[in-house]
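Everything below concerns the one structure shown next.
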Amino acid sequence: MHVIYVDESGIPDSGQSTNHFVVAGMAIPLNTWKDKDREIRILLQNHRLSDIELHTAWMARKYPEQERIPNFETLDDKNRRALVEIERKKDIAKASLKGEIAVRGLRKNYNKTKHYIHLTHAERIVTLQVHNPAESFYRFR
């Protein structure tokens with residue numbers, strides 16, 4: 001017996017905010033489910049991501065605000081978060097000059113990525129990769 005996980009992304013109706021609709025799934029043998037779940041929890045804990053849901057698309061993208069912070073990779077998590085939040089507030093202020101739609105889009109992006117801002121892009125990618133380099137692929141959440 002297998003446990004099947006299915007997830008969707010996008011909007012199936014044309015003319016909406018996206019023109020893509022994707023459904024993906026994976027089947028895991030029932031007798032390995034708890035071990036795999038434990039492995040993912042340990043992985044998340046090791047990358048300071050406890051108690052969050054892993055979202056590959058939001059983790060894999062670059063966060064330009066991190067790139068504007070000098071020596072971002074040398075900072076501790078608390079300072080990384082604080083400085084990214086400052087940069088994001090600046091970005092929202094700039095976006096407000098373009099109108100509410102620009103602000104709304106930026107806030108959505110920032111809300112979806114807020115759990116990961118303490119990790120560099122390289123750290124996020126390592127988190128998404130399978131430990132065996134021969135099987136390197138992105139994990140689905």
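Tabulated data for the structure shown
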| read-out | value |
| --- | --- |
| Cβ-based charge dipole, the chain, positive-most Cα from N46, T113, L30 | T113 |
| Overall form of the range 85-133 per C-alpha gyration tensor (a/c, 1.5; a/b vs b/c) | prolate |
| Inter-part distance where the range 17-55 and the range 82-102 are each reduced to a Cα centre, Å | 31 Å |
| Cut-off 12 Å, label 7 Å out along Cα→Cβ of I125, residues of the range 26-40 by amide N | none |
| Distance in nm between pseudo-label sites at T56 and I4 (7 Å out along the Cβ direction from Cα) | 1.9 nm |
| Exceeding the 22 Å Cα-Cα cut-off - candidates K78/K98; K90/K114; K34/K78; K36/K114; K62/K114 | K78/K98; K34/K78; K36/K114 |
| Efficiency of FRET from Cβ geometry, R68 and K98, R₀ 22 Å, rounded to 0.05 | 0.70 |
| Tensor-based shape of the chain (alpha-carbon gyration tensor, a/c under 1.5 rounded, otherwise prolate or oblate) | oblate |
| Spin-label pair N79/I40, simplified geometry with 7 Å Cα→Cβ offset, distance in nm | 3.4 nm |
| Helical contribution to [θ] at 222 nm, DSSP H n ≥ 4, -39,500 (n - 2.57), averaged over the chain, rounded to 500 | -14000 deg cm²/dmol |
| Rounded if a/c under 1.5, otherwise prolate or oblate - the range 18-92, Cα gyration tensor axes | oblate |
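Just so you know, all these numbers are worked out from the coordinates, no wet-lab data involved. Everything numeric in this text was worked out from a predicted model, so none of it was measured. Glycine also receives a Cβ, built like all others from the backbone with ideal geometry; neighbour counts cover every protein chain displayed.
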